[in-house]
């Protein structure tokens, strides 16, 4: 049971390739990732921080830029290997229904309110109201839980930025309390 090795092969038809299918549009995305990552790395070199701060805020742009460049290069490799992304098959969305513009307008209103009041109210209060407003506009009806989660997230993020990273977020009306 052997197969002959010298069987003639037919030449490929013009315009076809023998290799795997390739989604060449992925190369554009990969190029964009590499360019954005490289610019982030370059921009991180221009940050000037005090002498006594060895890690500080410079670490994050370096990490994000390097990861972005590596992901872009991995996408190039995957594209040339023939990996093609799969389409969404299990999404439970009825495309025949119109967009819910009421929800979009509520979210825009909540974001606009946050932008306008963050300097006066401060991040702790404004961030909590942002979370509560976004949760309400997306359909949550548990106000007490939303307020508690919003306060915990906004106050903990304020302390993380203020104490951990040295980035001063506005304290607003809680200036002496936080």
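The values are calculated or read from the model by the stated rules, or taken from the named source; none is laboratory data. None of the values given here were measured: they were computed from a predicted structure. As a convention, Cβ positions derive from the backbone with ideal geometry for all residues, glycine included, and neighbour counts pool all protein chains shown.
A compact table of results
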{"read-out": "Segment 138-153: number of residues that are without any contact (Cβ under 8 Å) to a residue 12 or more places away in the chain, under 24 Å from the mean Cα position of the chain (by Cα) and closer than 25 Å to residue 178 by Cα", "value": "1"}
{"read-out": "The listed residue being under 20 Å from the mean Cα position of the chain (by Cα) and farther than 30 Å from residue 41 by Cβ, out of 135, 99, 124, 128", "value": "135"}
{"read-out": "Residue 21 vs. criteria out of contact with any strand residue (DSSP E or B) (no Cβ under 9 Å at 6 or more places or on another chain), surrounded by 10 or more Cβ atoms within 10 Å (Cβ to Cβ) and either over 30 Å from residue 139 (Cβ atoms) or at pLDDT 90 or above (or both)", "value": "no"}
{"read-out": "Scan of segment 24-57 for residues that are part of a loop (DSSP other than H, G, I, E, B), surrounded by 11 or more Cβ atoms within 10 Å (Cβ to Cβ) and at pLDDT 80 or above, ordered by number", "value": "47"}
{"read-out": "Sole residue being out of contact with any helix residue (DSSP H, G or I) (no Cβ under 7 Å at 6 or more places or on another chain), modelled with pLDDT under 95 and within 30 Å of residue 31 (Cα to Cα), chosen from 86, 163", "value": "86"}
